[in-house]
Amino acid sequence: PVMVVPALPKTVIDLKTQPIGKNTSATEPIDYQVIFSNIKTNDTLRKEDNALPVGVILNPPLWKEHHLQISLDGKQISKDSFSFVIEPTLLERGQHRLEAVIITNKKKIVKTEVVDFFIQQSSVANKK
C-alpha cells in the first residue's frame, strides 16, 4: 500500500523556514508584543481535528540574552523555537492554556502572553 501525505500549507512552510535571528542590539527591550498565529483566546478545536501548526511572532525580535519558552497546560513544549504543533487528539476535552514566556538569562520574566482554548469532543447520544 502507498500512503499519500498531504503537502503543508505555504504559510506553515514559510513560518518553519524563516531564520531564527536574535536581536543583537545593545539595548535590552523592556517589553515585547507577542502574537500567536493560527490560534486565539477562546478558540474551540475538535478532538478529531488534524494537528494545528502554531507560530509565535515577537516585536521587537527576541534579544540576544532573552529566551522564549512555550508551555501547554503548565508543561514546557518548546524553548527558543517560534513554531510548534498542537495535537487535539492528544488533549482531553475542556479548557487548555498556551503560554509564551520571555525570560532573561538570569530567569527574570520580561513578558508573558496567555491563550486559553478549548477542545470539544463529539458524543454519540443513545437513540431510543
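The values are calculated or read from the model by the stated rules, or taken from the named source; none is laboratory data. Owing to the predicted nature of the structure, the values given are computational and were not obtained by experimental measurement. Counting neighbours? That spans all protein chains shown, and the Cβs are built from the backbone with ideal geometry, glycine included. Each accessible area value is taken on the protein alone, full model and side chains, heavy atoms only, with ligands, DNA and RNA left out. Shrake-Rupley method; radii C 1.70, N 1.55, O 1.52, S 1.80 Å.
Here are the numbers:
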{"read-out": "Chain lengthening between SER122 and ILE77 when straightened (0.36 nm per residue, less Cα-Cα)", "value": "13.6 nm"}
{"read-out": "Radius 13 Å from Cβ of THR27, net charge of other residues (Lys, Arg +1; Asp, Glu -1)", "value": "-2"}
{"read-out": "Share antiparallel - DSSP beta bridges, the range 26-128, percent rounded to 5", "value": "90 percent"}
{"read-out": "³J(HN,Hα), Karplus 6.51/-1.76/1.60, whole Hz, each residue of the range 41-46, x for Gly, Pro", "value": "4, 6, 5, 10, 10, 8"}
{"read-out": "Proximal charge balance of THR89 [Cβ under 9 Å; K/R count +1, D/E count -1]", "value": "-2"}
{"read-out": "Surface accessible to a 1.4 Å probe, per residue, for the residues of the range 72-128, Å²", "value": "70 Å²"}
